[in-house]
Amino acid sequence: MQPGYPPQPPQQIDNNMTMSIVAIFLFWPLAIPAIINASKVNPLLQQGDYAGAQAAAAESKKWSKWALIVGIAWIAIVVLCCLGGGLLSAFTSNTSMSY
């Protein structure tokens, strides 16, 4: 570091709030811890706790990813079941029933 120059602030840390908010629409039980951790990042940065801010951002990203994965998988399963049930009923229905 050169004398006379103020120290450079560390890089900004992405708090992953956007991904956390998107995740809440897909699977909210896992997105809540993501939002809580994302909301901790900026106050920790302001306090100078860069390690804590990085840890909170990493936790937020982890919970957001899990919420996205579970939410997308759940939607895929529901769509497959609906399509499968519709196709199954279309192929098994018999319109000319005689008793």
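Details
- Selection count where residues are in contact with a Phe, Trp or Tyr (Cβ under 9 Å, 6 or more places away or on another chain) and of a type in the set (A, V, I, L, M, F, W, C), scope region 48-72: 6
- Selected residue (criterion: farthest from Ile32 (Cα to Cα)) from residues of region 44-64 that are in contact (Cβ under 8 Å) with a residue 40 or more places away in the chain and within 18 Å of the chain's Cα centre (by Cα): Gln54
Throughout, read-outs are computed from the coordinates displayed, never taken from laboratory work. Computed from a prediction, not measured in an experiment: that's the story for all the values here. Note that we place each Cβ from the backbone using ideal geometry, even for glycine, and neighbour counts take in every protein chain shown.
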